[in-house]
1. If the requirement is being part of a helix (DSSP H, G or I) and open to solvent by 10 Å² or more (accessible area, probe 1.4 Å), which of these qualifies: A:ILE287, A:ILE261?
2. So, C:VAL456, is that one surrounded by fewer than 24 Cβ atoms within 10 Å (Cβ to Cβ), touching a Lys or Arg at 6+ places or on another chain (Cβ under 7 Å), assigned to a helix (DSSP H, G or I) and within 12 Å of chain A (Cβ to nearest Cβ) or not?
3. For region C:250-292, what are the residues that are more than 14 Å from every other protein chain (Cβ to nearest Cβ) and of a type in the set (Phe, Trp, Tyr)?
4. Among the residues of region C:293-331, which ones are within 13 Å of another protein chain (Cβ to nearest Cβ) and either under 25 Å from C:SER110 (Cα atoms) or of a type in the set (Asp, Glu) (or both)?
5. Out of contact with any strand residue (DSSP E or B) (no Cβ under 6 Å at 6 or more places or on another chain), in contact (Cβ under 8 Å) with a residue 60 or more places away in the chain and either within 14 Å of another protein chain (Cβ to nearest Cβ) or open to solvent by 50 Å² or more (accessible area, probe 1.4 Å) (or both) - does that describe any residue in region B:30-44?
6. Between A:MET222, A:MET192, which is out of contact with any strand residue (DSSP E or B) (no Cβ under 7 Å at 6 or more places or on another chain), aliphatic (A, V, I, L, M) and over 19 Å from A:PHE288 (Cα atoms)?
7. Out of all the residues in region B:17-29, which are more than 10 Å from chain A (Cβ to nearest Cβ) and polar (S, T, N, Q)?
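The values are calculated or read from the model by the stated rules, or taken from the named source; none is laboratory data. None of the values given here were measured: they were computed from a predicted structure. Neighbour counts are summed over all protein chains in view; Cβ atoms, including those assigned to glycine, are modelled from backbone coordinates with ideal geometry. These accessible areas exclude ligands, DNA and RNA; they are computed on the full protein's heavy atoms, side chains included. Shrake-Rupley method; radii C 1.70, N 1.55, O 1.52, S 1.80 Å.
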Amino acid sequence: MTKETILLLSTVILLLPLLGFTIIIFNQKRLGKAAGYLGSAVLGIDLILSIIVAFSKLVTFAGEGMIQTKFDWINLGTKTISIGIGVDNLTAVMLIVVTLISFLVHLFSMEYMAEDKRFPRFYAYLGIFTFSMLGIVIANNFLNMYIFWELVGLSSYLLIGFWYEKDSAANASKKAFITNRIGDLGFFAGIMIVFFTYGSFMFDDVFAGVASGLLPFDSGTMLTAAGILLFCGAIGKSAQFPLHVWLPDAMEGPTPVSALIHAATMVAAGVYLTCRIFPMLTADALIFVAYIGAITAFMAATIAITQNDFKKVLAYSTVSQLGYMIMAIGVGAYTNGFFHLVTHAWFKACLFLGSGSVIHAMHHAAHHFHDHHTDPQDIRNMGGLRKTMPLTYITFLFVTIAISGVPFTSGFLSKDGILAGTLAFGSLSGHWLIPIAGFGAAGMTAFYMFRLLIESFHGKAKTNIASHTHENNKLITGPLVLLSVLTIWVFYSFNPIDATSGWFQKSIKTPATSVPAALQFDFLMPLNAEGHNAAAHTEVATHNATNSHTELAKHEAAANTHGAEAKSAHGSHALNKFEEEMHHMHYPAMIASLLIAGLGILLSFCFYQFKVFSPDNMANMIKPFYKISLNKWYFDEIYDKTVIGLTLGFAKLLSWFDGAVIDGIVNGVATVFRGIGWFVGKFDNIVIDGFVNLTAQTTGFFGAAFRKVQTGRIQAYLIFTIVGLMILFYFLV
Amino acid sequence: MGIGLTHYLIISILLFALGVFGIATRKNAILVLMGLELILNSANINFIAFARFGGMNIEGHVAVIFVIILAAAEVAVALAIILNIYQNFRHVDVDEINQLKD
Amino acid sequence: MFNIFGIGPLTLITFLPLIGLLIILAIPAGKDEKARELSTNLYRWLTVGFTFLQLVIAIVIYMNFNNALPGINDANTMQFVEKTPWIQLHGLPIFGDLKIDYYVGIDGISAPMILLTAIVCFVATFASWSIKKAVKGFFMMYLLLDIGMMGVFISLDFFLFYVFWELMLLPMYFLIGIWGGPRKEYAAIKFFIYTLFGSVFMLLVMIGLWFTSGTFNLLDLANPANIRPDQIFSGFGTTWRLWAFVGLFVGFAIKVPTVPFHTWLPDAHVEAPTPISVILAGVLLKMGTYGMLRIAWPIFPEAVKYFQEWIALIGMVSIVYGALCALGQHKVGKRDLKKLIAYSSVSHMGYVMLGIASMTSAGVTGAIFQMFNHGTITAMLFMIVGVIYDRAHTRSMDDFGGLANKMPVYTGMMAISFFAAIGLPGMSGFVSEALVFLGAFATYPLYTVISGLGIVLGAAYMLWALQRVFFGKLPEKWSGPWDPSGKLYKHDDINGIELTALIPLAVVVIFLGIFPTYITNMMTESVNQLIHFVTVNGQFTGL
């Protein structure tokens, strides 16, 4: 397969779902249930094509960078704005992730959404979502990415608000869109800096520009700022602290949507973006990214512990895991971060689809009893589903084990890599808080996931409804089985405890950073190119003599010598010091993570299965913490009072200002002139017009007087004539 | 002293004055018309007188005959109008016939 | 060059509605019910026909337009030029020999506006179906307005420009004042006087320029070589010239409108009937920014340099202020949909101001493209509000909710236009806003980033309105059909005439979102020429 074919096929992959969307949206009534088959068929073809493309990229062109093409979109005379598509290994993997999960969700929804009156529209929306998501994946430049970035925002808006009759759904969709917009504002600001500085949106051009020492506004700080601003897009889309608030609310959408968009693909787009911009992130930006990820991972995990809504637990779990990925990229464990994205996509999609299966069954059971008050999503109403829904239970158990990080699962492989990365980062940079947050979140993940599993599937049925649930049909269980199988380690690496030897980690290599050495961690600089490095370093160091990173620069000199030794010791195994350190940290991290995950699972069983401790007593003991966790750290309330309240208040004030002051001035001027007009009018009426009228009246008076003479009697006129004649005669003769 | 131009003219003036007086003072349209006739006749007398004494000769006679013919025509038309006025107003009082005024 | 009986396409496109106007004038309105109905339909279809012809001519002009010719200050590269002596007076006191030409022509700045005017005027006629009162007068005024608007965009003579500028005021006054809403008199007077107030400055500057350069020809006025010594606007960077620029700017800014000259807009929009709102937002607002680019910028380049930052600031304030007012409006008094859109216009025209202040090719191209896009998008928005107003006789958002199920197609159109207004990629609004931002960032990074708030706030108020009107539950009072007699509205959803007006706009919006070059290529040369001209001439003084 040639490169051109790969690009052509990628274009086809991109456009097929759009075609599906167009056909379905205009033929909703005509298609009816057939929309489901059409949508699934389109995605099926897409999936096959994606596998072909990914296979040929990862096998035939494995060593190549990005296979890409670009063309001019807008020509401004002085500047040209180009867009294009590209496929690299990252894209190849993402293509499969997106199309596979989308395909499975399409199948799943045929049953799950079967009774919905807007069934065809649902498939149309799924189509446009898949299109947009694929657009992000195969973008080779920032502009394309931003365009599709916004379009996934739109599809997410449409799908969250799919049941718009519910106010909560409409509110959630609006919240999601606006929150994302805030992140996108930062993203776009970053893009503006990039375009302004490098004159191009292409990733290649920009990274080459950065590598050549060209900095925005000639300042390293601005490069950091650009990186952080671009990362803001990821904060919004991947629901990172502080913009994570929209994701739990987004659970108002249909459950397949949650699985597709809010667990596996769209929210992962932020992580994908962070991967993409990784080469241009400076040391400061990376620390920022790492801390945002760590905070998110930890905070969301604490919230997930106390939630009672089945989907809310999973939502916070998603937020937490996304934080994990972001944190991984922030600390430089790029490969593992992206690896976790993929493994997480499978098991989180499976978890959500499993929750969909449960909710579907609960809903049907509730319907059977005509019970509309019991919340079918509340785990306090479940229990004992293990017996009634065995297949769902088994798959759910599988993926719960995977997400908790138990060996022989994909989750273990990726999580272990991330934790090793954080430990390495901690030991190299001294930021120990990050590994602490990482391990803490890992323990909590194991705890709350098993809590969810035990509460809903184990024990006895807590309600009548739960005991009358039934296993769903193959359209629902099929995807569950497939996704849970994908959590087995062999798909990624034959060695169940170390993924570095697997195909995945070999295909997805951490890209070399293009940031000038003075702005980058010394341990992230490539070791096999010191000569080049040193040159770049001196150049930039003189350029930024006053830069705050001189300290770092000093370190770097030492690191280079050290790096040379490291290279001789390990051959070409380690690309840089960080990878080497990560290698060292592999076993400590593994042991620690096993211990902590085991502890989490054990505690969970103690609390919920064997009731050794009572969760209620525990909650009472640490009431303040429990409250904070239950109320999601009061983020919504705080935002309501501060950001939203202030904005709306200010808007109201301005609106008043506009009406009262600005328009008041306009109307005031008008009133003043009307007043002057009134006065002038009066003057005109009385004085000037008075004079005119006086003249007229005088004339009128004389007119009236003379009028008397005009009798209209001819005899009178005759007399006047004769008298006149006689007078004339008297004077003339 | 024989009867000369002056005498005729005096008669004519008297006749003219009577005519004007009649037109000016009478309210009856017929009487106004009669006053008019007097004025015309006073003019005729003048013409005859000047034809005899003033050297107008035959022209004076011709003018008189014109005047008589005109007077006849005028009387015919005027009487017709007066008759119409009478039919419309049931009187021939000139002071009351003022509908063209205003 | 193609002429019909010696009449050029620009004259034809401008004065074609005059023929329609005269025909309508000749057709009696009819005495009884039936005749009135017949004549009403005649007026409508005549207007549709003439505006359609206009659109056809506009498309022909578009096809024959040569993208490679810059125009701006170069008379030789102006296209479709017609030049005839018009008013010639000799030996006047003070003025001397007055020479005014009928001088028309287009370049890359005006050509998109011609197309926009033709499109908006054509679709707005379909929105006029709801006009029931004095139909004859309405359509006559409508066509007169059309003439005025076209004339403004084709004029290359300041005097001619001014004549058309004022010509368009008159029908607008009546269209708002007679066919408007409850406070129509207030709104019409406010609009009229406000604009006239601005025109006064323009007139004064125009006369001053006459004394300075002895011509009304805009291209000659822009040429510094034509400035005579010892006149009011002689020299470069003098106080008088700066004041003249401010005067012109205020005159145009009122029309745009920018903060703080914008308060006539919400009133005029709220009171105006639907088609007039459509034209007001779709075309009239663009005259302000067009005037700046055509007149103020080339004639006073050094003043542009001098005030550039202030203009960008005004643009930024307009963007954020308009968006906040649109957002804040929902808690004060009646939450009127039209008012919301009017404020969104203030915000969106702020992007244009920011773009033209930036003086970069991306910024100015984006600004002109934004003028075009705002025209089509806002036209859609107002028509959509008109649809619902005709049925429910209210525009208050609080009265609605849950219309999505009652009117699915309508909701789809509304969603398209709202998301276009938000600047969603794939729609034309995104391209122009992005270009403005990319261009403005190069000149004023800080203002541009702050202006970005407009994107977020825009999403907030638009989605809020969308949710209020379409989502949630349908109020009890709208549960029945709109028109129980079934005479006016056969079904609940949007009807054919309204769709005829909306679909072309939606197609244009989406098409240009994907292939923006079909418009941007027209102006590339002109924009670069303008920037070059203003930058070079702006250097003259040591300001």
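1. Working: A:ILE261 fails: open to solvent by 10 Å² or more (accessible area, probe 1.4 Å).
Among A:ILE287, A:ILE261, only A:ILE287 is part of a helix (DSSP H, G or I) and open to solvent by 10 Å² or more (accessible area, probe 1.4 Å).
2. Details: surrounded by fewer than 24 Cβ atoms within 10 Å (Cβ to Cβ): yes; touching a Lys or Arg at 6+ places or on another chain (Cβ under 7 Å): yes; assigned to a helix (DSSP H, G or I): yes; within 12 Å of chain A (Cβ to nearest Cβ): yes.
Spelling it out, C:VAL456 is indeed surrounded by fewer than 24 Cβ atoms within 10 Å (Cβ to Cβ), touching a Lys or Arg at 6+ places or on another chain (Cβ under 7 Å), assigned to a helix (DSSP H, G or I) and within 12 Å of chain A (Cβ to nearest Cβ).
3. Across region C:250-292, the qualifying residues are C:PHE252, C:TYR290.
4. C:SER318, C:ILE319
5. Of all residues in region B:30-44, those out of contact with any strand residue (DSSP E or B) (no Cβ under 6 Å at 6 or more places or on another chain) come to B:30-44.
From what is left, the residues that are in contact (Cβ under 8 Å) with a residue 60 or more places away in the chain are B:30, B:32.
Now restrict to residues that are either within 14 Å of another protein chain (Cβ to nearest Cβ) or open to solvent by 50 Å² or more (accessible area, probe 1.4 Å) (or both): B:30, B:32.
The answer is yes; a qualifying residue exists.
6. Numbers: A:MET222 fails: over 19 Å from A:PHE288 (Cα atoms).
From the options A:MET222, A:MET192, the qualifying one is A:MET192.
7. Hit for region B:17-29 is B:ASN28, nothing else.
Table: residues versus (1) modelled with pLDDT of 85 or more; (2) more than 29 Å from A:MET726 (Cβ to Cβ); (3) away from chain A (no Cβ under 13 Å); (4) open to solvent by 70 Å² or more (accessible area, probe 1.4 Å).
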residue: B:ILE10; (1), (2), (3), (4): yes, no, yes, yes
residue: B:LEU14; (1), (2), (3), (4): yes, no, yes, yes
residue: B:GLU74; (1), (2), (3), (4): yes, no, yes, no
residue: B:LEU79; (1), (2), (3), (4): yes, yes, yes, yes
residue: B:LEU83; (1), (2), (3), (4): yes, yes, yes, yes
residue: B:VAL92; (1), (2), (3), (4): no, yes, yes, no
residue: B:ASP95; (1), (2), (3), (4): no, no, no, no
residue: B:LYS101; (1), (2), (3), (4): no, no, no, yes
